[in-house]
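To start, the structure itself, in structure tokens.
The values are calculated or read from the model by the stated rules, or taken from the named source; none is laboratory data. Predicted model, so just to flag it, every value in this text is computed and none were measured. Here the Cβ is made from the backbone with ideal geometry for all residues, glycine too, and neighbour counts use every protein chain on show. Remember, those area values only see protein heavy atoms, side chains included, never the ligands or the DNA or RNA. Shrake-Rupley method; radii C 1.70, N 1.55, O 1.52, S 1.80 Å.
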Amino acid sequence: MASKAEKQEALRRWREHCDNIQRMTIVPVESEADKLRRIERARRDYAFFVSYYFPHYCTDKTTGNIIPSAKFHIDAARMIRRNHDLRAVFQWARGHAKSTHMDVMIPMWLHCQKEREINVMVIVGKSEDNAITLLGDIQAELQYNQRYIADFGEQYNAGNWQNGQFVTQDETAFFALGRGQSPRGLRYRENRPDYIVIDDLDDDELCQNDSRVRKMTDWVKEALFGTLGAQGGRFIMVGNLISKCSVLAEISKSAGVQVSKVNVYQKDGKPSWPEFWTPERIEAKASFQGYRAFQKEYMNNPLTEGAVFRADWIRWKPALPLRDYQQLVCYTDPSFKPTTKNDYKASKLWGKTKNGELHLIECFCRQTTVVEMVRWQYDLYERIREHNAACLFYMEANFMQDIILDEFRREGEARGYQLPLIPDKRKKPDKYQRIEAVSPLWERGFVFYNEKKKSDPDMVAGLEQTLAFEKGMSGHDDSPDADEGAIYKLQQATRREAFEPIIKEYHHSSKYTW
């Protein structure tokens, strides 16, 4: 429970928020006819309702322009309004306004209809303090949003969000409830709850305990869901999928539950909310957070580190001079979509030593285009030749399509030679089985990473994919797949002939270090 000082600070912040709402919702001068037309439009057009009544949420602080609602916001609002008896889970990525819409805007849209569509609303948070804070957001709007009040009348009547409940003048009641608190008997006069929203119920601590997750899931399905009246109501859960062992995951699998999943990127690699989440903004988040954290927070794809590869199996040592390796292989997994930045391209240079160690010497693992990947391979080829070493360059035959080969040809024409790229025609078994089969090489200490590349962004990104690899994962696995391809070639009993140097003799001294 929050201390007295924490409550005072929360109240101070709430009052600042209320002042901002008042300041941003000045009522325009207009005729009565214009006002009535706007009210009629707002009741049917959710996107307009949001942009007009909530400029304090929708205004871009940099440009001052209104950020429009995303299509998934509008679709969700329409679905909720259409279905008076609804069980739904909204798995939306962080920063996609799930709390703002589900806890504030959609309830207020239901509340202002000609025939009011909400009587008793309950906001459920991971703690009572968290739920009370969420309740404060909607009370602030009903009490201080001048545009809403001007169009739909005075709202606030009695109660206080800090006490966990308040009532409007038309006797719509609002309650806050913490995770696990008893909701039995919850009602306002003759009305039982008809809009329950469970907001970010899961946290990392809860998800680490299967027993607690099962117990909390039972509480949601039994005690909380049971507070709805005989006629049902809108029973909504929102959050991003931070773990496969979570209440959100369990409720999503329940019978009769509609699930809306929104990731920061759509399947085509474009942002789901492009008006707000630009590719540059997304990439900045991904770069700072790292692959595994980004997948969990923004792609609804929680990955368990150590499911196949463990962090303590990652060993580092200096790479040998390239000519001292018994064999060098560069294996490439270019992914299926050559023009998007949402897919990773992985290219790995591996070397096998005379005593059987496997060294990852160079790594390319980026969300980029085929053009950049091809240039990197040509640069690598030239650096290898400068060390008077030889390397076999492989790519899975299925990937060697015209669009990829054209890029290799164009780059080769610009440089005066063609990269000796070998198609890997192996009929590969299941990807998970292949990659899991080589993991004992890490565990038994045969695999080493180039010590000089510990902080290299490509090496870091590749390692994160390796440590996150697990059966049935929906995230990127291009890096461990390229590793497996290279190691398979290095472990083959019969070695192929390496290519011959093409034109000039290279000296051992080099500006490149490994």
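Any residue in the range 120-141 that is touching a Ser or Thr at 6+ places or on another chain (Cβ under 6 Å) and part of a loop (DSSP other than H, G, I, E, B)?
Checked against the condition, which is being touching a Ser or Thr at 6+ places or on another chain (Cβ under 6 Å) and part of a loop (DSSP other than H, G, I, E, B), the range 120-141 yields no hits at all.
Using beta carbons and a limit of 6 Å, which pairs, at least six apart or on different chains, have the first residue in the range 41-56 and basic (Lys, Arg) and the second one assigned to a helix (DSSP H, G or I) and open to solvent by 10 Å² or more (accessible area, probe 1.4 Å)?
ARG41/PHE48
Within the set of pairs 6 or more residues apart or between chains, which connect a residue that is of a type in the set (Lys, Arg) inside the range 305-325 to a residue that is open to solvent by less than 60 Å² (accessible area, probe 1.4 Å) with Cβ atoms less than 6 Å apart?
Going by the 6 Å Cβ cut-off, the qualifying pairs are ARG315/PHE448; LYS317/PHE448; ARG323/HIS387; ARG323/ALA389.
Taking the range 276-300 as the region of interest, how many residues are part of a loop (DSSP other than H, G, I, E, B) and either surrounded by 15 or more Cβ atoms within 10 Å (Cβ to Cβ) or touching a helix residue (DSSP H, G or I) at 6+ places or on another chain (Cβ under 8 Å) (or both)?
Residues in the range 276-300 being part of a loop (DSSP other than H, G, I, E, B) and either surrounded by 15 or more Cβ atoms within 10 Å (Cβ to Cβ) or touching a helix residue (DSSP H, G or I) at 6+ places or on another chain (Cβ under 8 Å) (or both): 5 in total.
Pick out the one residue from TRP350, TRP376 that is in contact (Cβ under 8 Å) with a residue 24 or more places away in the chain and assigned to a strand (DSSP E or B).
TRP350
Restricting attention to the range 418-431, report how many residues are open to solvent by less than 30 Å² (accessible area, probe 1.4 Å) and in a loop (DSSP other than H, G, I, E, B).
1
How many residues are more than 22 Å from ASP202 (Cβ to Cβ), small (Gly, Ala, Ser) and either in contact with a helix residue (DSSP H, G or I) (Cβ under 7 Å, 6 or more places away or on another chain) or in a helix (DSSP H, G or I) (or both) if we restrict to the range 51-78?
3
Name the single residue, out of those in the range 450-467 being polar (S, T, N, Q) and not in a helix (DSSP H, G or I), that is most open to solvent (accessible area, probe 1.4 Å).
SER455
Could you grab me the full set of residues in the range 161-170 that are β-branched (Val, Ile, Thr) and either touching a residue at least 24 places away in the same chain (Cβ under 8 Å) or within 24 Å of TYR46 (Cβ to Cβ) (or both)?
Once the filter is applied, which keeps residues that are β-branched (Val, Ile, Thr) and either touching a residue at least 24 places away in the same chain (Cβ under 8 Å) or within 24 Å of TYR46 (Cβ to Cβ) (or both), the range 161-170 yields only THR168.
Go through the residues of the range 195-215 one by one and say whether even a single one is among the hydroxyl-bearing types (Ser, Thr, Tyr) and over 26 Å from PRO302 (Cα atoms).
Within the range 195-215, one or more residues are among the hydroxyl-bearing types (Ser, Thr, Tyr) and over 26 Å from PRO302 (Cα atoms).
Could you tell me whether the range 432-449 includes any residue that is among the basic types (Lys, Arg), surrounded by fewer than 19 Cβ atoms within 10 Å (Cβ to Cβ) and not in a loop (DSSP other than H, G, I, E, B)?
Checked against the condition, which is being among the basic types (Lys, Arg), surrounded by fewer than 19 Cβ atoms within 10 Å (Cβ to Cβ) and not in a loop (DSSP other than H, G, I, E, B), the range 432-449 yields at least one hit.
I need the full set of residues from the range 79-105 which are open to solvent by less than 20 Å² (accessible area, probe 1.4 Å) and assigned to a helix (DSSP H, G or I), in order please.
ILE80, LYS98, HIS101, MET102, ASP103, VAL104, MET105 - these are the residues of the range 79-105 that are open to solvent by less than 20 Å² (accessible area, probe 1.4 Å) and assigned to a helix (DSSP H, G or I).
Output yes when any residue across the range 387-406 is among the charged types (D, E, K, R), on the phi < 0 side of the Ramachandran plot, open to solvent by less than 30 Å² (accessible area, probe 1.4 Å) and assigned to a helix (DSSP H, G or I), and no when none is.
The answer is no; no qualifying residue exists.
Hey, does the range 18-37 have a residue that's of a type in the set (Lys, Arg) and under 25 Å from TRP277 (Cβ atoms)?
Checking the range 18-37: not a single residue is of a type in the set (Lys, Arg) and under 25 Å from TRP277 (Cβ atoms).
So if I check each of SER474, SER439, SER455, which one is among the hydroxyl-bearing types (Ser, Thr, Tyr) and modelled with pLDDT of 90 or more?
None of the other options fit; the residue is SER439.
Any idea how many residues of the range 133-160 are touching a residue at least 60 places away in the same chain (Cβ under 8 Å), open to solvent by less than 40 Å² (accessible area, probe 1.4 Å) and within 33 Å of the chain's Cα centre (by Cα)?
5
State the number of residues belonging to the range 5-32 that are outside any helix (DSSP H, G or I) and open to solvent by less than 70 Å² (accessible area, probe 1.4 Å).
Number satisfying all stated conditions: 5.
Which members of the range 359-373 meet the condition of being of a type in the set (Val, Ile, Thr) and either exposed (fewer than 15 other Cβ atoms within 10 Å of the Cβ) or not in a helix (DSSP H, G or I) (or both)?
Passing the criteria: ILE361, THR368, THR369, VAL371.
For THR339, only one of the following conditions fails: (1) of a type in the set (Ser, Thr, Tyr); (2) modelled with pLDDT of 85 or more; (3) under 30 Å from LYS261 (Cβ atoms). What is its number?
(2)
Please tell me if ARG426 is of a type in the set (D, E, K, R) and modelled with pLDDT under 90.
For ARG426, the condition - of a type in the set (D, E, K, R) and modelled with pLDDT under 90 - is met.
Quick one: count up the residues across the range 301-334 that are surrounded by 21 or more Cβ atoms within 10 Å (Cβ to Cβ) and of a type outside the set (A, V, I, L, M).
8
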